[in-house]
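Reading through the structure tokens given below for one structure.
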Amino acid sequence: MKNVYLLGATGSIGKQVLDIIDNNPLDFHIVTLTANTDLDGMSALINKYHPKYVAMGQEEAANILRIRHPQTEIGHDTLGLIKAATLNPEDHEGLLVNALVGMCGLVPTIKAVEIGRSIALANKETLVIGGDLIMPLAKKHHVNIFPIDSEHSAIWQCLHDEDINSVKNLIITASGGAFRDLSRDQLESVTAEAALKHPNWSMGAKITIDCATMINKGFEVIEAHHLFGLPITKIKTILHKESYVHSLVEFIDGSIIAQMAEHDMRIPISYALFYPQRKLNSVPALSLSEIGKLSFAAIDLNRYPCLGYAYEALEKGGLYPCVLNAANEAAVQLFIEHKIAFLDIETIIRGQMDHVDNILNPTLEDLLKMDASVKEAVFITTLK
Ligand code: NDP
Ligand code: MG
């Protein structure tokens, strides 16, 4: 039985992680759980799983929860998330599942790596910002980082037992998001509500907006660079509206291996939780005869500039990926709050990326400082 330390338990990925655990009760034991503000969601989880420790992102939420559950130890803020990620430091068989959204996942991940805990990682922002710190640290502490993101799970499965030197390209597929059939002119007036309707996947709000701007694909390029250690020139993207091919690996001999499945995150989550085993699940089988045809097309970077910004950030390195992520997090929040228009998201990111005083090899403190200052700049300049 594996101990699970689950960050972001009340979110889209977190709930699916718990669904898999519920279906395999002899394989996993929940030790810690976290959420941000979802009090009722977390109360229900405490009653069901009796975790040893709980953390809420917001202190006020933690205070209310402490009154509701006096028997449970409840922390809050970054220190609470760190404790939830690193409780029982001697438990080297335990698994941290990081299903947080945004940069709040960065520090708990680093602290878990430092105690030698393996990580199933959904929280892509963590690798986007801190991949240069985390991957060498994971190597040093012999920590596995198992991807949950479906594209990286696909690549991981395609690379199985292959020599990384025989890889010509990783090819990451993109659905195109909620607005893929709209022109740039039409994008000027789209609403947050419309952006939140992804054509193929049901996900948390931020990643759904990130899919519509295609910055999500850019984050995945950066994530793939860190996870698989390949240079930017070998990481390609392609539009694949049907989302059945989750990504592909092209080898030097001309072979391309693809991973296909229904668009259901329980498949990559399950692969990460049970690795190296495959486990039976209730996801319907993919019917190729019903699907009939699949389409692939080049992605137009004029249509989706944020994808280009991500390649640029990876190429420039240092603080650039942190700036890209921070500007996006702030802009997406403003868009969801109806304070800016959809196309302002890319303008804000561009504006912040044009004024980076870059440092190569930034420390964690440098990254945290830059994240805070970019977000503050976006909020101040946008809301003045
Ligand atoms: P959700 O928004 O659905 O869930 C996020 C979780 O993190 C919730 O439990 C939320 O708590 C918690 N949280 C949010 N902000 C904070 C904070 N400041 N401090 C502490 N906890 C916080 O996100 P998703 O599940 O969709 O995505 C999670 C990650 O996985 C993201 O990085 C996303 O890009 C990635 N991903 C998601 C996929 C999907 O299908 N959803 C697919 C591939 C990758 P609360 O509920 O209280 O707000
Ligand atoms: Mg993905």
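The values are calculated or read from the model by the stated rules, or taken from the named source; none is laboratory data. Since the model is a prediction, treat every value here as computed from it, not as a measurement. Note: ideal-geometry Cβ built from the backbone for every residue, glycine included; neighbour counts use all protein chains shown. Each accessible area value is taken on the protein alone, full model and side chains, heavy atoms only, with ligands, DNA and RNA left out. Shrake-Rupley method; radii C 1.70, N 1.55, O 1.52, S 1.80 Å.
Restricting to region 194-217, name every residue that is in a helix (DSSP H, G or I) and near ligand 1 (Cβ under 10 Å from one of its atoms). Matches in region 194-217: Ala205, Lys206, Ile207, Thr208, Asp210, Cys211, Asn216. Of all residues in region 244-263, none satisfies the criterion of being farther than 27 Å from Ser166 by Cα and open to solvent by less than 10 Å² (accessible area, probe 1.4 Å). Scanning region 218-243 for residues being open to solvent by less than 10 Å² (accessible area, probe 1.4 Å) and in a strand (DSSP E or B) gives a total of 1. The set of residues in region 8-49 that are within 11 Å of ligand 1 (Cβ to nearest atom) and part of a loop (DSSP other than H, G, I, E, B) comprises Gly8, Ala9, Thr10, Gly11, Asn36, Thr37, Asp38. Counting only helices (runs of 4 or more DSSP H) that sit wholly inside region 264-331, those with at least 3 residues that are loosely packed, with under 14 Cβ neighbours inside 10 Å are 288-291. Given the residues Ile13, Ile30, Ile20, which is the only one that is within 16 Å of ligand 2 (Cβ to nearest atom) and in contact with a strand residue (DSSP E or B) (Cβ under 9 Å, 6 or more places away or on another chain)? Within the list Ile13, Ile30, Ile20, the selection yields Ile13. Restricting the first member to region 160-188 and to residues that are loosely packed, with under 15 Cβ neighbours inside 10 Å, and the second to residues that are modelled with pLDDT of 95 or more and acidic (Asp, Glu), the beta-carbon pairs closer than 9 Å and six or more apart or on different chains are Ser166/Asp253.
The combined condition, being more than 13 Å from ligand 1 (Cβ to nearest atom) and open to solvent by 30 Å² or more (accessible area, probe 1.4 Å), is not fulfilled by His69. Restricting the search to helices (runs of 4 or more DSSP H) fully inside region 68-156 and requiring at least 2 residues that are under 13 Å from the mean Cα position of the chain (by Cα) gives 106-114, 124-140. Filtered by the rule that a residue be over 18 Å from the mean Cα position of the chain (by Cα) and modelled with pLDDT of 95 or more, region 1-24 gives Lys2, Asn3, Val4, Asp19, Ile20, Ile21, Asp22, Asn23, Asn24. The single condition from (1) over 27 Å from Thr363 (Cα atoms); (2) under 20 Å from the mean Cα position of the chain (by Cα); (3) free of Cβ contacts under 8 Å to residues at least 60 places away in the same chain that Thr347 fails is (2).
Pick from region 193-204 the residues that are within 15 Å of ligand 2 (Cβ to nearest atom) and under 21 Å from Thr10 (Cβ atoms): which of them is most open to solvent (accessible area, probe 1.4 Å)?
Ser202
For region 133-192, residues that are at pLDDT 95 or above, farther than 14 Å from Tyr271 by Cβ, within 16 Å of ligand 2 (Cβ to nearest atom) and not hydroxyl-bearing (Ser, Thr, Tyr) total 4. The residue of region 112-123 that is farthest from Asn325 (Cα to Cα), among those that are open to solvent by less than 10 Å² (accessible area, probe 1.4 Å) and within 16 Å of ligand 2 (Cβ to nearest atom), is Ala120.
Quick check on region 233-240. Is at least one of its residues within 16 Å of ligand 2 (Cβ to nearest atom) and at pLDDT below 95? No, there is no match, as no residue in region 233-240 is within 16 Å of ligand 2 (Cβ to nearest atom) and at pLDDT below 95.
Within region 352-384, restricting attention to residues that are hydroxyl-bearing (Ser, Thr, Tyr) and at pLDDT below 95, the residue that is least open to solvent (accessible area, probe 1.4 Å) is Thr382.
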